[in-house]
Each structure stands twice: as C-alpha cells, then as structure tokens.
Amino acid sequence: MKQHDKVPLTGFADVASDEMVLRARQFRDFMKSRRTIRDFSDRPVPREAIEACIEAAATAPSGANHQPWHFAVIGSPDLKHRIREAAEKEERAFYAEKAGTEWLAALEPLGTDPEKPFLDIAPWLIAIFGQKKGGIENDGQQKNYYVTESVGIATGLLIAALHSAGLATLTHTPNPMGFLNEICGRPKSERAFVLLVVGYPAEGATVPKHALRKKPLSAISSWL
Ligand code: IYR
C-alpha cells in the first residue's frame, strides 16, 4: 500500500467459530422479527433514541469516506402535515396514472393507496438525503462518490438500529420526492433517497401476509 497516515486497528473482537455461528443466527432471528408497518401510534419517542440511531447509521462505509448523507428529522406537527399534503398529492397522481397496471398489480398484496395518515400520526419522520457534493468537510464543492450506494447502506443500518431500539419503521418513497428539499430546507445538490417513518405500531396494527414471504437462502445465494 502507498504511504498514508494510519493508526493501529482497535476494537476488533476475535470471536471463536461456535460463538460466531451462534451470534450470526441470533442476529438473523432478530432481524427476521422486523416488520415494515403502516399503522402507527402517536405515542412519543425520545429524541435521544433517534439521535443515537442516526449516529449508528453514520458508521456506514461510504465512497472515499465522504459520508454523503443528511438526515432531516421532522417532529413538528406542522411540517409533518405539509409533508403529508405534498406526498398525498404525488401519490394520487401515482395511483391514478403514473404507476401503470403492472406496478399497481405488484402493489395489490400490500393494500397501499394514496392516503398517508401515518405522516401526521408517527412521532418522527426522517428524510434521508444523498449529497452529490461536499466531501468530508461538507464544503459543498468537492465531488462525492457512490452516493446512492453509501446512502443505501446507511439507511439499512438506520433501519436495523431503530429495530434494535424497539421502534418500527416504514420505508416510504413518495414518487417523486422533490418536495422534501423545499420543506426540509435542503439544497438542490441533495436528493431525497427515502422518507423513513418512525414510531410504535398502533394498537391492532396489521401487516400484509405477502410481506412474510421471504426468499430462502437457496434462492438468494450461490456458493462458488
Ligand atoms: N410510493 C407509493 C407506492 C409504493 C411503491 C412501492 I415499489 C412499494 O413497495 C410500496 C408503495 C406508496 O407509498 O404508496
């Protein structure tokens, strides 16, 4: 490797094989208990929990370590309502014309429609933006790399962190999401990646049966 500033690796725990398999299976089972929900309760969630989960998400690897993400955390009822209004406007157009028959058929088992009451009800919405520019200094100038990949990984970690904290999420993607820049006051050089809805499930919340069908290992992996 070329010369570069470096420090010794610390904090890497060497786990024995048996323990490794056990831990891997425990984590798998824990992740399998995660469900995407759409019926949220208005029960409050402490801001500190969301803060720590975002810090966990921000440990994600990223292109050239530029960390090209921004998490706009919305708790204000007024802003949540503006987001709901804007999202429902886009969603009405999506369901009425833009989606097309194949997409609508794929959504049928989920039971989704243009009504998005959870955007008012859930205590927190997290709009996750990818930054085309900024570098590690966030100078708004340097080019960032693999932005979508980096933000996708960070979002996955955030969903896992929130699940581990005992919170439920919905990975919501109103289409298009340009309105989030304006409402969240984000520059044009940022692009909304997803709107994460966070909170507790409502009493009697349901999930679509369809969502329980996960592909088996044999269908998702090949071993060469
Ligand atoms: N954004 C729409 C439609 C939608 C699309 C997909 I792909 C989904 O997995 C779920 C919903 C909506 O939120 O209703």
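The values are calculated or read from the model by the stated rules, or taken from the named source; none is laboratory data. Worth saying up front: this structure is predicted, and the values here are computed from it rather than measured. All Cβ positions, glycine included, derive from the backbone under ideal geometry; neighbour counts span all protein chains shown.
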Checklist line | Residue pairs meeting the criteria (Cβ under 6 Å; at least 6 apart or on separate chains; first closer than 24 Å to S41 by Cα, in segment 170-198; second assigned to a strand (DSSP E or B) and polar (S, T, N, Q)) | finding: L170/T36; V194/T171; L196/T169; V198/T169
Checklist line | Among (1) over 20 Å from A192 (Cβ atoms); (2) modelled with pLDDT under 95 - the single one G140 does not satisfy | finding: (1)
Next item on the list: Please enumerate the residues belonging to segment 64-78 that are surrounded by fewer than 16 Cβ atoms within 10 Å (Cβ to Cβ) and more than 17 Å from P46 (Cα to Cα).
Entry: A64, N65, D78
Next item on the list: Answer yes or no: is there a residue in segment 138-147 that is among the basic types (K, R) and within 11 Å of the ligand (Cβ to nearest atom).
Entry: no
Check: Residue check, G100 against (1) within 13 Å of the ligand (Cβ to nearest atom); (2) closer than 21 Å to T171 by Cβ, all met but one. Which one?
Finding: (2)
Check: Quick check: anything in segment 38-48 aromatic (F, W, Y), within 26 Å of M177 (Cα to Cα), touching a residue at least 40 places away in the same chain (Cβ under 8 Å) and touching a Gly at 6+ places or on another chain (Cβ under 7 Å)?
Finding: yes
